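Structure record follows, encoded as structure tokens.
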Amino acid sequence: MATSNPLAIEVTNLTVAYQETPVLWDIDLAVPAGVLMAIVGPNGAGKTTLIKAILELIPSASGQAWIYGKPYRQQRHLVSYVPQRGEVDWDFPTTVQDVVMMGLYGQLGWIRRPGRREKQLAREAMNKVDILELKDRQISQLSGGQQQRVFLARALIQNAQLYLMDEPFQGVDATTERAIVTLLQSLRQQGKTVIVVHHDLHTVTSYFDWVMLLNVHQIDSGPIEAVFNEDNLHRTYGGHVGILSSSADVPPSQVLANEYS
Amino acid sequence: MAPQTEVLLIAIVVAASCALPGVFLVLRQMSLMSDAISHSVLLGIVIGFFLTGRIDSPLLLILASATGVLTVSLVELLNRTQLVKEDAAIGIVFPALFSLAVILITRYAGNVHLDQDVVLLGEIALAPFDRVTLFGLSLPYSLVVMGTILIITLSVIGIFYKELKISTFDPGLSIALGFSPGLLHYGLMSLTSIIAVGAFDAVGAILVVALMIVPPATAYLLTDQLFSMLVVSFLVGIVSAVSGYGIAIKFDASIAGAMATMAGFCFLLTFLLAPQRGLLAIFYRRFRQKWLFAQRILLTHLANHEGEGILPKDKKNAKHVKISTAKSKSINPILPPGKSDQCHLHQLHHYLCWNVGFTYKIVNQAQKQGLVQIENQVLRLTNSGRQITAQPFIQ
């Protein structure tokens, strides 16, 4: 599928090490444009590191990443990044609308301030994730799910081609999770590429159409039906991770994985 | 201008300049860095003094700011080895630079204006003696310097407000969007160093820290927006300067000391009385919440046992009430089948495991608010009470 499209991300020979410990070993990854991809793997597999290395937030020891055929620096305007919720200080004195508008700071460039147009765009983005009525709320008064929606609105406002999201489902309730999934799928329908660090193996087949299995090395990546199988999961998680289905059509409730056991 | 007015003006300008970058230091959890910077700039001042032989040369300002930035880099260098934590790194770097400066002063500059008291506490009262002429006006040197620094501070924060905000709130995103947090960080540190050097003369190395950290910490408790935090911090700085000056004159005490004390006093007041985040507000909220919560437990309990058979009211019952008030626990064996005393006024406290007085207070309050009614000592929900139990509990 979608192989004739240009690649949204191409990573070649990427190795990242903290001190002398490699966290990512020689990753080669090709993500076609227009897919909704999950990155799965155990804790410490380097999922977050991979996203950060692609965005050049951390230096890599070797290799590089291409976004739509060019280095990230030239393609910033095409990319939207949603960090983990815990990475920012939610006691910071600012409002929901303000945080959402931060998504536009890149387009504004240095010094220029957000104005009426930016406020209008923020309003639309907040409306899409159903937090418009929270717009003047101080961010310390938000629940976990609301915080995640704020981050999503901040990503949506950038109107990017490629979305990189680090665990957007972490600590949100079922309603928010469903709302986020619907949103991600509508982004894909608009031809955008969405890459999500994901933790819940049960929902991979129902939420995503593309998957990367990662555990320091890349185990495999490709369409769900081709690569999300017991053998690959075993190689990713080791031990006795049991996935009882060989078909992607099986309802998620029957796909049992015991990553956390 | 009268010398007193000049001193007051210098105090205001110093306090206001310190209060602004302090906001970002507090939000970046780098408050202690101001301590490090304000001490180690002394080394730059001393070296500048040896090179020029003057205490009011602009070179001093430049060298001292450079030492401030050097301190920050050294701390980060040490920290990056991962052998030393950041707070320890601060504790290692700045005393080293500061003590070097102190040795140089005592060894080679014992008799000049640069003595240790001035270094630690500053002497703002002497500022009017050191004058320059600008546009035909004779002004105190330190007023000119600090005024310039205040203008620089206001412009830098005004121009890079958006960039400082995003790199403080979400450094990851600010890199991804192409803003260089490193550049902003060192920009902010340079600004802090320049202010520390300028304020050094007036209030000394230690009190600079008070003026940089206390007003923002006060503003943090009062505001929900970065911009208003900057404004409030600025105002707290000015209020501390003015009231501190007044007190110092009245009691013939150190002006710098009185300014820092007043800043501390502003903080203390806010800490206790701030409308949302003050200690009193928090206690009041907790207290109120405890009562609301207890009331909700009572209503929920009544709702859960609504419609259960009610105790017959006869003498046996009266006896039973007495016994159970004394000690007995849980459901009374002498109750007829299908009957329950869960909602009985004198039994409630057993079922809820509350003490008797508290139970009566909560019942009383709920009755006054028309949420429950009591018939034959048995509690029943009123319609409005029932409605409340149907809603989710939000404090």
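The values are calculated or read from the model by the stated rules, or taken from the named source; none is laboratory data. This structure is a prediction, so every number in the text was calculated from the model and none was measured. Methodologically, a virtual Cβ is constructed for each residue, glycine included, from the backbone with ideal geometry; neighbour enumeration extends over all protein chains shown.
Looking at the range B:344-363, is at least one residue among the small types (Gly, Ala, Ser), loosely packed, with under 13 Cβ neighbours inside 10 Å and at pLDDT 85 or above?
Restricting attention to the range B:344-363, the residues satisfying the condition of being among the small types (Gly, Ala, Ser) are B:357.
Next cut, loosely packed, with under 13 Cβ neighbours inside 10 Å only: B:357.
If we keep only those that are at pLDDT 85 or above too, we end up with B:357.
Within the range B:344-363, one or more residues are among the small types (Gly, Ala, Ser), loosely packed, with under 13 Cβ neighbours inside 10 Å and at pLDDT 85 or above.
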*Verdict on residue A:164 being part of a helix (DSSP H, G or I) and not small (Gly, Ala, Ser)*: no
*Which one of these does residue B:229 not meet: (1) aliphatic (A, V, I, L, M); (2) surrounded by fewer than 23 Cβ atoms within 10 Å (Cβ to Cβ); (3) within 14 Å of chain A (Cβ to nearest Cβ)?*
(2)
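Okay, residues lined up against (1) within 13 Å of residue A:65 (Cα to Cα); (2) polar (S, T, N, Q); (3) in contact with a His (Cβ under 7 Å, 6 or more places away or on another chain); (4) buried (at least 22 other Cβ atoms within 10 Å of the Cβ):
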{"site": "A:12", "(1), (2), (3), (4)": "yes, yes, no, no"}
{"site": "A:17", "(1), (2), (3), (4)": "no, no, no, no"}
{"site": "A:25", "(1), (2), (3), (4)": "no, no, yes, no"}
{"site": "A:43", "(1), (2), (3), (4)": "no, yes, no, no"}
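Here's a check for you: in the range A:90-104, which residue that is facing chain B (nearest Cβ under 7 Å) and either closer than 18 Å to residue A:143 by Cβ or of a type in the set (Lys, Arg) (or both) is surrounded by the most Cβ atoms within 10 Å (Cβ to Cβ)?
Filtering first and then ranking leaves A:94.
So which of B:235, B:222, B:207 ends up being hydrophobic (A, V, I, L, M, F, W, C), farther than 18 Å from residue B:5 by Cα and within 13 Å of the chain's Cα centre (by Cα)? So that I can check it myself, show each step before the final result.
Numbers: B:235 fails: within 13 Å of the chain's Cα centre (by Cα); B:207 fails: within 13 Å of the chain's Cα centre (by Cα).
Selected residue: B:222, the only one of B:235, B:222, B:207 that is hydrophobic (A, V, I, L, M, F, W, C), farther than 18 Å from residue B:5 by Cα and within 13 Å of the chain's Cα centre (by Cα).
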*How many of the residues in the range A:62-97 are over 30 Å from residue A:132 (Cα atoms) and in contact with a Lys or Arg (Cβ under 6 Å, 6 or more places away or on another chain)?*
0
*Does residue B:269 satisfy being within 19 Å of the chain's Cα centre (by Cα), assigned to a helix (DSSP H, G or I) and surrounded by fewer than 18 Cβ atoms within 10 Å (Cβ to Cβ)?*
yes
*Name, by its number, the condition in (1) over 23 Å from the mean Cα position of the chain (by Cα); (2) at positive phi that does not hold for residue B:29.*
(1)
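Inspect the range B:226-246 for any residue being in a loop (DSSP other than H, G, I, E, B) and within 15 Å of residue B:124 (Cβ to Cβ) and give the result as yes or no.
Keep residues of the range B:226-246 that are in a loop (DSSP other than H, G, I, E, B), which gives none.
No, the range B:226-246 has no match at all.
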*Could you say whether any residue in the range B:194-213 is within 14 Å of chain A (Cβ to nearest Cβ) and part of a helix (DSSP H, G or I)?*
no
*Candidate set from the range A:42-63 (those that are under 11 Å from residue A:17 (Cα atoms) and within 14 Å of chain B (Cβ to nearest Cβ)); member that is farthest from the chain's Cα centre (by Cα)*: A:59
*In the range A:105-122, how many residues are surrounded by 15 or more Cβ atoms within 10 Å (Cβ to Cβ) and either in contact (Cβ under 8 Å) with a residue 40 or more places away in the chain or facing chain B (nearest Cβ under 8 Å) (or both)?*
5
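On the given criteria, is residue B:164 surrounded by 20 or more Cβ atoms within 10 Å (Cβ to Cβ), aliphatic (A, V, I, L, M), closer than 23 Å to residue A:87 by Cβ and within 14 Å of another protein chain (Cβ to nearest Cβ)? Steps first, answer last, please.
Values: surrounded by 20 or more Cβ atoms within 10 Å (Cβ to Cβ): yes; aliphatic (A, V, I, L, M): yes; closer than 23 Å to residue A:87 by Cβ: yes; within 14 Å of another protein chain (Cβ to nearest Cβ): yes.
Against the criterion (surrounded by 20 or more Cβ atoms within 10 Å (Cβ to Cβ), aliphatic (A, V, I, L, M), closer than 23 Å to residue A:87 by Cβ and within 14 Å of another protein chain (Cβ to nearest Cβ)), residue B:164 qualifies.
Would you pick out the residues in the range B:369-395 that are in a helix (DSSP H, G or I) and over 40 Å from the mean Cα position of the chain (by Cα)?
Narrowing the range B:369-395 to residues in a helix (DSSP H, G or I): B:383-390.
Answer for the range B:369-395, where residues must be in a helix (DSSP H, G or I) and over 40 Å from the mean Cα position of the chain (by Cα): B:383, B:384, B:385, B:386, B:387.
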*Looking at the range B:167-182, which of the residues that are more than 12 Å from residue A:83 (Cβ to Cβ) and at pLDDT 90 or above is nearest to the other protein chains (Cβ to nearest Cβ)?*
B:168
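Looking for something outside any helix (DSSP H, G or I) and in contact with a Phe, Trp or Tyr (Cβ under 7 Å, 6 or more places away or on another chain) - is there at least one such residue anywhere in the range B:10-28?
no
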*Could you please find all residues in the range B:79-97 being within 14 Å of chain A (Cβ to nearest Cβ) and not in a helix (DSSP H, G or I)?*
B:81, B:82, B:83
*Mind checking which residues of the range A:123-145 are part of a helix (DSSP H, G or I) and more than 14 Å from chain B (Cβ to nearest Cβ)?*
A:123, A:124, A:125, A:126, A:127, A:128, A:132, A:133, A:144, A:145
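If the requirement is being over 27 Å from residue B:214 (Cα atoms), surrounded by 13 or more Cβ atoms within 10 Å (Cβ to Cβ) and modelled with pLDDT under 90, which of these qualifies: B:107, B:131? Write out each step before concluding.
Numbers: B:107 fails: surrounded by 13 or more Cβ atoms within 10 Å (Cβ to Cβ).
Exactly one residue qualifies, and that residue is B:131.
A quick yes/no check of all residues on (1) assigned to a strand (DSSP E or B); (2) buried (at least 18 other Cβ atoms within 10 Å of the Cβ):
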position: A:31; (1), (2): yes, yes
position: A:38; (1), (2): yes, yes
position: A:48; (1), (2): no, yes
position: A:77; (1), (2): no, no
*Across the range B:145-161, what is the total count of residues that are in a helix (DSSP H, G or I), within 12 Å of chain A (Cβ to nearest Cβ) and either of a type outside the set (Gly, Ala, Ser) or under 24 Å from residue B:71 (Cβ atoms) (or both)?*
3
